């Protein structure tokens, strides 16, 4: 039987959802509950599509989970100034340093490959993780492929299973969103009810 691209893609997505390490998700939630209790900050790092995911996730962690969260990719002026003056590889490392990141804080990496210095891919993530280790931060990640450097040095890292090498990037970036939404909607982490959920069961009148 010939499968359409859409059918094939969503069958793969279902397979990934079933094989995600659910216990690793629970452990990250537990770590973030502790982070919030101690007044720590959560720094989200990513490039490309993962950078856009960082911006969205910062909103969710702040608004839904009540965690003080930030991402350097939200400040294009600083990001481009540092790239121009000091080099792209330094941008996240320098940002953590200026933020005075410390052992109460944590980093959450969104990345397809997790960073790979040898291949010169996402080296800014690698250097940021080295800085995070020096400063005693917890390191979490949602990554694809083999997890890269993030998986090597992280405390809890979820690797999105590769079910098709041709779809590594779309599945990895899509499941970053699936997993972080799972995390912020976890009953142990939700601090503020979401809008539509708060309206469940209520009648919404629509003007004629």
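The values are calculated or read from the model by the stated rules, or taken from the named source; none is laboratory data. Bear in mind that the values here come from a model prediction, so they are computed numbers and not experimental data. Ideal geometry is used to build each Cβ from the backbone, glycine not excepted, and the neighbour counts take in all protein chains shown.
Only helices (runs of 4 or more DSSP H) whose full extent lies in region 90-165 are considered here, and the ones with at least 1 residues that are under 14 Å from the mean Cα position of the chain (by Cα) are 123-135, 148-153. Looking at this structure, is residue 145 in contact (Cβ under 8 Å) with a residue 12 or more places away in the chain and within 20 Å of residue 17 (Cα to Cα)? For residue 145, the condition - in contact (Cβ under 8 Å) with a residue 12 or more places away in the chain and within 20 Å of residue 17 (Cα to Cα) - is met.
For residue 89, are the conditions met, namely being in contact with a helix residue (DSSP H, G or I) (Cβ under 6 Å, 6 or more places away or on another chain), at pLDDT below 95 and more than 30 Å from residue 16 (Cα to Cα)? When the stated conditions are applied, residue 89 passes them. All conditions but one from (1) surrounded by fewer than 22 Cβ atoms within 10 Å (Cβ to Cβ); (2) within 19 Å of residue 64 (Cα to Cα) apply to residue 107; the one that does not is (1).
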